[in-house]
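**Student:** Got a structure for you, questions after.
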Ligand code: HEM
C-alpha cells in the first residue's frame, strides 16, 4: 500500500512511465556478450572514481609527502592496500576493456552512419583514459613515476611549434617538481573526471538516441525483435560487472602494487619505463633517432590518432562483419599485431637512448636548478614556484603591511 502510494506520488511528478517504456524497448535480435563491454567500461570508471576518492583522504600532492602518504596507505590504513590495488589494477583493466570495446565496435562496423559522433566521443574517451594513466603514474612520486614523467614531458616538448610551451605548462616551470605534481594531481582528480563523466554522458546519449547497432547479421525486421534492454541486457551487464569485480578484487588482494624508492632527480642511472600501455610508443622512439626523432614522438602518434578519430569518414564501405571487409581486416590486424609486438619489445628491451638524453639533461644541474637550490635555502617553500616575487614587490608588500 505504502509502495503504491510512493509510486503514484512519483508518477504524478516525473515521467517514470515514459522512462520505463523506453528502457523496455527491444534491442536488435543478434546481440552477444561483447555488447556488455561498454557497460563494463562505465563500471570501471565509477570504480576508479570511488577508490580514487578514498585514496584522496590520505594522499598529499607534494614531493615531501606524496611517497610517504602512499606508503602509509599501503601499510597502515585499514584496507588501504586493497583499495590502492583496486585503483591500480583497475586502471589497467580500464585500458584493456575500453580497447576491447573499441575493437568490438570495429568488428561489427558499428561506427558507420549514423553513429559517427558516438565513435568520435568514444575516441575522446580513450584519450581521457590514457590521460588518467599518464597523470596518475606520477602521483606516488617514486623513481619510476618521476623518470617516466621526465621522458613523457620530453616527448611532448618535441611537438612542432607548441612543444616547449606544452612541456612548460605540464611541468609548471622549467623542471619537474612540486608544481608539476600539483598540476598532475589536479588533472587526475578534477579536470579529467569532469571531462570523462561529461563525455560519457554525451556518448551514452548518442548510444540511446541511435539505439544499439546490433551485429550486421540482423535483417531490418530483426533490429526491433530482440530481448529488451531492461531487465534482460541490464541483468547480463550486472553479472559481467560482478565477475569483473571479483577478478579485480582477487588481483588487488594477491598482487602487491609496486612502489619504488622516493624519486631522486639526480639518479641518472635510472632506466625509465612508462606504464605497460604506453610501452609501444616508448619502443617506437628507438627507431627514430636524431633529426628523425619527431617521427616517433609526434608524427606517428598524431597521424594515428587523427585516422582513428575520423575512421567513420575514411571507411565508407558497406556495413559488414570485419572478416568480410578485407582492407579493414588487414589494417586492424596490422595495428593490433604492431602494438602488441612493440609493447613486448618495449617491456623486454634495454634502456632507451632518447630517454637517456632526457635523463642526462635533467640530472645535470642547470644554472636555473642551482639558482632554485640557493633560493630554497633562503625561502623554503616559496622557491618551488616559478612566479617568485621581485625585491621591489617584497618591499612594496612590507610597506603595505606597515
Ligand atoms: C570510458 C570509455 C567508454 C565508455 C564508458 C563507453 C560506454 C559505452 C556503452 C555503455 C555503450 C553501449 C553498449 C555497447 O555497445 O557496448 C557504448 C557503445 C558505443 N561505443 Fe563506447 N564507451 C567508451 C569508449 C568508447 C571508445 C574508445 C569507442 C571507440 C573509439 C567507443 C565507441 C562506441 C560506439 C560506436 C558505440 C555504439 C555501438 C553500437 O551501437 O553498436 N566507445 N559505449
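**Student:** Does anyone have the angle between helix 143-156 and the longest principal axis of the chain? Alpha-carbon axes, 0 to 90°, nearest 10?
**Tutor:** That helix lies at roughly 80 degrees to the long axis.
**Student:** Could you tell me the relative contact order of segment 29-262? Use alpha-carbon pairs under 8 Å, at least six residues apart, and round to a whole percent.
**Tutor:** Result for segment 29-262 is 35 percent.
**Student:** Quick one: compute the contact order of segment 29-151, relative version, from alpha carbon pairs under 8 angstrom and 6+ residues apart, as a percent.
**Tutor:** On the way: 76 pairs, mean separation 35.7, N = 123.
For segment 29-151, the relative contact order is 29 percent.
**Student:** Percent of alpha carbon pairs in segment 29-262 separated by more than 33 Å? Don't jump to the answer; show the numbers that get you there.
**Tutor:** On the way: 7395 of 27261 pairs.
Counting pairs separated by more than 33 Å, the tail of P(r) holds 27 percent.
**Student:** Most fluctuating residue of 26, 291, 140 in a GNM of the chain with Cα springs under 10 Å: which is it?
**Tutor:** 291
**Student:** Where Rh denotes the Kirkwood radius from the mean inverse Cα pair distance, what is Rg over Rh for segment 263-340?
**Tutor:** On the way: Rg = 17.2 Å, Rh = 15.3 Å.
My calculation of the ratio gives 1.12.
**Student:** Let me ask something else about it. Under the Kirkwood approximation for Rh and a Cα-based Rg, what ratio Rg/Rh is obtained for the chain? Intermediate results must be reported in sequence, preceding the final value.
**Tutor:** Values: Rg = 25.0 Å, Rh = 24.2 Å.
That ratio equals 1.03.
**Student:** Another one. Relative to the first principal axis of the alpha-carbon coordinates of the chain, what is the inclination of helix 234-254, with its axis defined by its Cα atoms, in degrees from 0 to 90 and to the nearest 10?
**Tutor:** Orientation of helix 234-254: about 30 degrees from the principal axis.
**Student:** I would also like to ask the following. How far apart, in nm, are the 7 Å Cα→Cβ label points at residue 345 and residue 191?
**Tutor:** With each label point 7 Å from Cα toward Cβ, the separation is 3.2 nm.
**Student:** Do the sum for the chain: with -39,500 (n - 2.57) for every DSSP H run of n ≥ 4, divided by all residues, what is the mean residue ellipticity at 222 nm, to the nearest 500 deg cm²/dmol? The partial results should precede the final answer.
**Tutor:** Details: 18 runs with 250 residues, N = 402.
-20000 deg cm²/dmol, from helical runs alone.
**Student:** Same structure, new question: Under 8 Å for C-alpha pairs, at least 6 residues apart: give me the relative contact order for the chain, rounded to a whole percent.
**Tutor:** Values: 414 pairs, mean separation 103.3, N = 402.
Relative contact order, the chain: 26 percent.
**Student:** Related question: Any chance you could check the Cα centroid distance between segment 117-172 and segment 267-296 for me, in angstrom?
**Tutor:** 14 Å
**Student:** Related question: Ranking 348, 149 by Cβ neighbours within 10 Å, fewest first, what do you get? Let's see the in-between values first.
**Tutor:** Values: 348 9, 149 24.
Sorted ascending by nearby Cβ count, the order is 348, 149.
**Student:** What residue among 38, 131, 304 has the largest mean-square fluctuation in a Gaussian network model of the chain, using Cα springs under 10 Å?
**Tutor:** Result for the chain, Cα springs under 10 Å: 304 fluctuates most.
**Student:** Let me ask something additional. What's the ranking of 86-93, 244-251 by average number of surrounding C-beta atoms within 10 Å, highest first? Each step should come with its number before you reach the end.
**Tutor:** Numbers: 86-93: 21.1, 244-251: 14.8.
Listed from highest to lowest mean packing, they are 86-93, 244-251.
**Student:** Taking only Cα atoms, what is the 0 to 90° angle, nearest 10, from helix 300-309's long axis to the longest principal axis of the chain?
**Tutor:** With both axes taken from Cα atoms, the answer is about 30 degrees.
Any read-out appearing in this document is the output of simple, stated calculations on the displayed coordinates, not a laboratory observation. Only a predicted model underlies this, so the values are computations on that prediction, with no experimental measurement involved. Backbone-built Cβ (ideal geometry, glycine too); neighbour counts: all protein chains shown.
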